[in-house]
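Take a look at the structure below.
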Amino acid sequence: MALGLAAFCVFALTLRLWHLQIIKGEFFRDRSENNRLRTVYVPPSRGLIVDRNGEVLVRNRPSLNVDLVIEDSPNPTDTITLLAEIVGQDPATLLEKLTRQGKRSKYEPKLILRDVSRDMIAKISAQRHRLPGVIISVVPARDYVNGELAAHLVGYIREISGDQLKNTSYAGYRMGDVVGQSGIEGRYERYLQGERGSQAVIVNASGNKIGAAYSHLALPGSDIVLTIDRKLQEIADRSLAGRKGAIVAMNPQTGEILAAAAAPRFSPGIFTSEMSKEVWTDLIEGKDHKLTNRVTQGAYPPGSVFKIFVAAAALAEGVVTPQEKFRCPGYMKMGGRRFHCHKHSGHGSVNLFEAIVQSCDVYFYTVGQRLGVDRIFRYAHDIFDFGEPTGLDVGDESSGLIPSTQWKARYFRNPEDKKWYPGETLPVSIGQGAVTTTPLQVARGISAIVNGGKVLKPRVVMKVVASDGRVLEQAPAGPEIIRSIDLDPTIFEALKKAMVGVVEHPRGTGHKAALPKVAMISVGGKTGTAQVASKESGVKDDDHAWFAGFAPAEDPKIVVAAILENGGHGGAAAAPVVQDLFAAYFGVPDEEPLPVDTKKNKNRRP
Amino acid sequence: MVARIRKGVLSNFDWVFLTFALLIPLCGLVVLFSAGYDAEGTVDLFGLLSVNFPSSACLKQATYILLGMVVMGIGMAISSQTLHRYAFGLYGVALVLLIAVAGFGVVVNGSRRWLSLGGINLQPAEFMKLGVIVTMARVLSRRPPKNGAAYALTELFVPALVIGIPMFLIARQPDLGTALSLGIVGITQILFVGVRPKALLSVVASVLILAYPAWEMLHDYQQRRILVLLDPESDPRGSGYHITQSKIAVGSGELFGKGYRQGTQTQLEFLPEHTTDFVFSVLAEEWGFVGCVTLLGLFFGLFASMLRIAGRARDMFACLVAFGITAQVFAHVVINIGMVIGLLPVVGIPLPLVSYGGSSMLSIMFGLGIVQGIGMRRLQFRAG
């Protein structure tokens, strides 16, 4: 019996050993490997962002982080509290950072403070003996060589958020990694990021290094070559200083974006180091909407710029001939209501050319009436692609809106409101009412007019070059044509001629876009002065100033669309901005355009 | 006191038993060589000479084994009559020493286990192990169950005291492992003779009832160790560390082990106490399931041959002594292995014949010698 008991006990032990060693053996083998190896990750250096000429826009610089190794810190909470005191931060915030990274091995340094100044490092080092486990590590951080230059386009990077980590598109990322959040940094994150390196060392139970197990070098991220021209971008950015608005310059033949500026801006550099709550709140919730890239995300009524596309529709549909004249008494009566022209005294008798040059509203009221809103919609939306995102690879876009009877029926609930009234067509004809467009859409639309009817996909990335020099992605040599508009070429010629008239004709509204005569480069364009529906009732905001132009008129190389929010008259405020860009692009010496004696157009009244 | 061993007795020498009793410590040496490996180690042998040898534990253990064989011979020479005669005396002296420990014992690692007598450190509990076995054997063989083959509850009062008093003293030191093994051995001896089912039931019931106050009496660290056994992951850095690391070592050995001296848990010192209490984990890590089963097989062979000797003993007393020693070694093996593979709480009991340590080796070898002696004297009984 005793032997039987002994046999039973030995059998029980054997059974348990079988369970541990055979059934769960692999699990424990892993655990023993984890014990033995300490892996230290080496962050890769992020790819550069350079302009079309190879000028660096964003690079990396060494930065100092403060980390904590839990294993070496007998009391992490005390250490962090003291550290917080030294750097003058809230201990709770720092502790929260620590717990967020809690799942890691206790040997792996945990990030406490990012991109700390050298002065602060000196202060921390002086107290080192009281901060067991605190280490300073050198890691690459973003260096924005040109400060805020093209901030929206470039985008910013920031520590990966908890929500992003859960997202499958961020598979492989770890808490504390820095990822692109917007713009090129966001869209090309996978290229820019590179691959994390790792070093595994064998340690004993007391954490002493015994030897090296393996190491993988970090692989630097790939560089992004933009179609942007830094000099042009700089001028665009400068033109918007202290203003709200957007400027976009595009090659009308290829769709390449040469400059894309939006204001107010943010400084991408502030995201690399610790950011105060106030700064963050201002960025996210502030009324300036600093993070909004107004080039693609700003939907504005295009005002008179839209007349070009209404004119194209009218000529194509044959509702009007270029020679046909209408009389403008300064207003148009419709349904017992007066629709004013911006020139209250009237333009007299005008044909298409004169109507565009002088931006006569009554002419376009008439033409719009003849077309009807749905034909305007068909040309603006279906042919010139307004009301749809352009597909530029820099982040979410606003699609803007081109109204139609269908849209109205869909959009409103009340059966009364669903009906389209003829009076509503008139504002649409002059780019008001419900019409909104983004500056990029306007630049693309004007490009389609001046390049003979090719609607292009705008692009901002020329190529992606890996760290070893291999070209990973290359934009096609020619333009990416979304649609070739099948219209009589004379229509485009007539519109171009009229737009040159806007700048060069004595009565034109856009003189200020003209380059000095010596340059021998003729400029075309269209002004727009868009009424702003005041948000707070009773207060009327200033009009948005638009100008969309191209040059040289004979063979356009560049199209620029600019909007200045509440900037006043397009010809007065926006045209000079566009002129600056043309001057820079063609290397025309900075010189005032010849004064042209014209009556200054007054702002329209409500 | 020491009886002469007659020539006829030598013919009863149990070679199989001796083979098991020596194979196991030899296996232990192999494991200890790895567990205590230190490439630049020099071994200081009892202050006598210094030797360049890469494993101090292994070399010292080898000398303990040699000493142990001498002690085993002494054990063989002691006849059961002598043990019978001095049983109460041994028990009495051990008890006095235990009380002395409670009074003037030296505190090591928070427990008062040692008595310092002019440079020699004694652990009276070690004496008490043998003391309880022989005293119980004498008490039980003198007073066999009155009616039939099984004890009634009332007859167990004296044996209970014999076990209970030293258990209480040792548990207070505190040395839970030894106290428990003392209790297990005594109770096994009683069960060996036989207990009425009713009496057994009431004992079990009262143990269960007494479990709560006993639990309350345990030190915090003892309670924690038992709790940690139930959920080792709850405290991986504190009390659970030993069990967790040991289980990793054992489990990661898989079928054939990581190879001799290739156990990372052992060599990088993640495994605590790897030459003493957790030496079995070293075997498990480096030799795998196969090595573990082999050692368990050797132990089983050892017990089987010891039980055979007990079964053939000349009288009830000798039989109970042999059985008691077997039970003691067996209990230690099961508790130790059970502990390192996470089946039982960590109580600090070494693995007999394998764990590094002179006291343990010598006392167990002595016990095995006594068992051998009982086996050798079996025919005297038949002839007489």
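None of the figures in this text is laboratory data; all of them are computed from the coordinates on show. Given the structure is predicted, the values throughout are model-derived calculations rather than measurements. When we count neighbours, we look across all protein chains shown, and the Cβ atoms used for this are built from the backbone with ideal geometry, even at glycine.
Could you work out the longest stretch of chain B that avoids the GluC sites (Glu not before Pro) located in DSSP loops with at most 15 other Cβ atoms within 10 Å?
B:41-268
Sort A:H511, A:H152 by Cβ crowding within 10 Å, fewest neighbours at the top.
Ranked by crowding around the Cβ, least crowded first: A:H511, A:H152.
Using Cβ contacts closer than 10 Å as the measure, can you line up B:H332, A:H216 from fewest to most?
So the residues, fewest neighbours to most, are A:H216, B:H332.
Can you tell me how much longer the chain between A:D374 and A:V532 gets when fully stretched, taken as 0.36 nm per residue apart minus their C-alpha distance, in nm with one decimal?
On the way: separation 158, 0.36 × 158 = 56.88 nm, distance 2.38 nm.
Length gained, A:D374 through A:V532: 54.5 nm.
With a cut-off of 8 Å between alpha carbons and a minimum separation of six or more residues, what is the relative contact order of segment A:39-226 in percent?
33 percent
When chain B is modelled as a GNM with alpha-carbon springs shorter than 10 Å, which of B:A102, B:A35, B:A310 fluctuates the most?
With Cα springs under 10 Å in chain B, the top fluctuation among B:A102, B:A35, B:A310 is at B:A102.
Report, in listed order, any pair from A:K307/A:K418; A:K307/A:K408; B:K198/B:K247; A:K463/A:K557; A:K97/B:K258 with a Cα-Cα distance greater than 28 Å. Before the final figure, lay out the partial values.
Details: A:K307/A:K418 25 Å; A:K307/A:K408 21 Å; B:K198/B:K247 40 Å; A:K463/A:K557 21 Å; A:K97/B:K258 40 Å.
Distance filter (> 28 Å) returns B:K198/B:K247; A:K97/B:K258.
Among B:F300, B:Y212, B:V346, whose Cα sits farthest toward the positive end of the charge dipole of chain B (+1 at Cβ of Lys/Arg, -1 at Cβ of Asp/Glu, about the Cα centre)?
B:F300
How large is the Kirkwood hydrodynamic radius of chain A, in angstrom, based on all distinct alpha carbon pairs?
About 27.7 Å, per the Kirkwood formula over Cα pairs.
Among B:H242, A:H544, A:H505, A:H289, rank each residue by its count of other Cβ atoms within 10 Å, from fewest to most, as a rough exposure measure.
Numbers: B:H242 22, A:H544 26, A:H505 19, A:H289 16.
The order, fewest Cβ neighbours first, is A:H289, A:H505, B:H242, A:H544.
State which entries of A:K333/A:K457; A:K123/A:K166; A:K166/A:K454; A:K244/A:K496 exceed 32 angstrom in Cα-Cα distance in the structure shown.
A:K333/A:K457; A:K123/A:K166; A:K166/A:K454
If you fit an axis through the alpha-carbon atoms of helix A:91-100 and take the longest principal axis of the Cα set of chain A, what angle between them do you get, 0 to 90°, nearest 10?
It is inclined by approximately 80 degrees.
Collect residues whose amide H, placed 1.01 Å from N in the peptide plane, falls under 5 Å from the amide H of B:V43; neighbours closer than 5 in sequence don't count.
Correct list: B:V51, B:N52, B:F53.
Distance from a point 7 Å along Cα→Cβ of A:L95 to each backbone N in segment A:105-142: keep the residues under 19 Å and list them by number.
What the label zone holds, given the 19 Å backbone N cut-off, is A:110-113, A:131-134.
At 7 Å along the Cα-to-beta-carbon direction for both A:T321 and A:D30, put a label point, then send me their distance in nm to one decimal.
Each label point is offset 7 Å from its Cα along the Cβ direction, giving 8.3 nm.
Using θ = phi - 60° and the Karplus relation 6.51 cos²θ - 1.76 cosθ + 1.60, list the HN-Hα couplings for segment A:33-44 in order, rounded to whole Hz, with x at every Gly or Pro.
The phi angles translate into 5, 4, 4, 7, 9, 10, 9, 10, 8, 10, x, x Hz.
Return the sequence-ordered ³J(HN,Hα) values of segment B:334-341 in whole Hz as given by the Karplus equation 6.51 cos²θ - 1.76 cosθ + 1.60 applied to θ = phi - 60°, using x for Gly and Pro.
Per residue, the Karplus-derived 3J(HN,Hα) values read 5, 5, 5, 5, x, 6, 6, 9 Hz.
For segment B:124-153, which trypsin sites (Lys or Arg not before Pro) are in a loop by DSSP, counting at most 16 other Cβ atoms within 10 Å?
On the way: sites: B:K129, B:R138, B:R142, B:K146; in loops: B:K146.
When the trypsin sites (Lys or Arg not before Pro) of segment B:124-153 are filtered for loop state and at most 16 Cβ neighbours within 10 Å, B:K146 remain.
Quick one: which residues, 5+ away or cross-chain, put their amide H under 5 Å from the amide H of A:K343? H built at 1.01 Å from N.
A:D361
Pick out, in residue order, every one of the trypsin sites (Lys or Arg not before Pro) in segment A:430-520 that is DSSP loop and has at most 11 other C-beta atoms within 10 Å; say none if there are none.
Within segment A:430-520, the qualifying trypsin sites (Lys or Arg not before Pro) (loop, at most 11 other Cβ atoms within 10 Å) are A:R470.
Points 7 angstrom from Cα along the Cβ direction at A:H216 and B:A149: gap in nanometres?
Reported label-point gap for A:H216 and B:A149 is 6.9 nm.
Looking at segment A:81-153, which trypsin sites (Lys or Arg not before Pro) are in a loop (DSSP not H, G, I, E or B) and have at most 13 other Cβ atoms within 10 Å?
Here the trypsin sites (Lys or Arg not before Pro) that fit, given the DSSP loop and packing criteria, are A:K103.
Output the relative contact order of segment B:85-218, whole-number percent, from Cα pairs under 8 angstrom with separation of 6+ residues.
Relative contact order comes out at 24 percent.
Helix A:76-87: angle to the longest alpha-carbon principal axis of chain A, degrees 0 to 90, nearest 10?
Here the helix axis deviates by roughly 40 degrees.
What does the extension gain come out to for A:S345 and A:E388, with contour length at 0.36 nm per residue minus their alpha carbon separation?
Numbers: separation 43, 0.36 × 43 = 15.48 nm, distance 3.75 nm.
Separation in residues times 0.36 nm, less the Cα-Cα distance, equals 11.7 nm.
What distance in nm lies between label points placed 7 Å from Cα along the C-beta direction at B:L210 and A:A12?
Taking the two extended label points, one gets 2.1 nm.
Could you tell me which residue out of B:G253, B:L180, B:Q265 lies farthest along the dipole of segment B:163-307 toward its positive end? Charges go on the beta carbon: Lys and Arg +1, Asp and Glu -1, centred on the Cα centre.
B:L180
Only Cα pairs under 8 Å and at least 6 apart count here; give the relative contact order of chain B as a rounded whole percent.
The normalised contact order for chain B reaches 25 percent.
Against the longest alpha carbon principal axis of chain A, how many degrees, from 0 to 90 and to the nearest 10, is the axis of helix A:230-239 turned?
70 degrees
Whose amide H sits under 5 Å from the amide H of A:A299, counting only residues 5 or more places off or on another chain, with H placed in the peptide plane?
Counting only residues 5 or more places away or on other chains, the set is empty.
Treating the beta-carbon of each Lys and Arg as +1 and of each Asp and Glu as -1, no other charges, what is the dipole magnitude of the protein assembly as shown about its Cα centre, to the nearest 20 debye?
Value, rounded to 20: 2920 debye.
In angstroms, what radius of gyration and Dmax does segment A:293-586 have, counting Cα atoms only?
19.1, 72
Springs between alpha-carbon pairs under 10 angstrom, Gaussian network model over chain B: which of B:L296, B:L320, B:L271 fluctuates most?
B:L296
How large is ³J(HN,Hα), in whole Hz, for each residue of segment A:335-342 in order, when computed from phi with the Karplus curve 6.51 cos²θ - 1.76 cosθ + 1.60 and θ = phi - 60°, using x for Gly and Pro?
x, x, 10, 9, 9, 7, 8, 5
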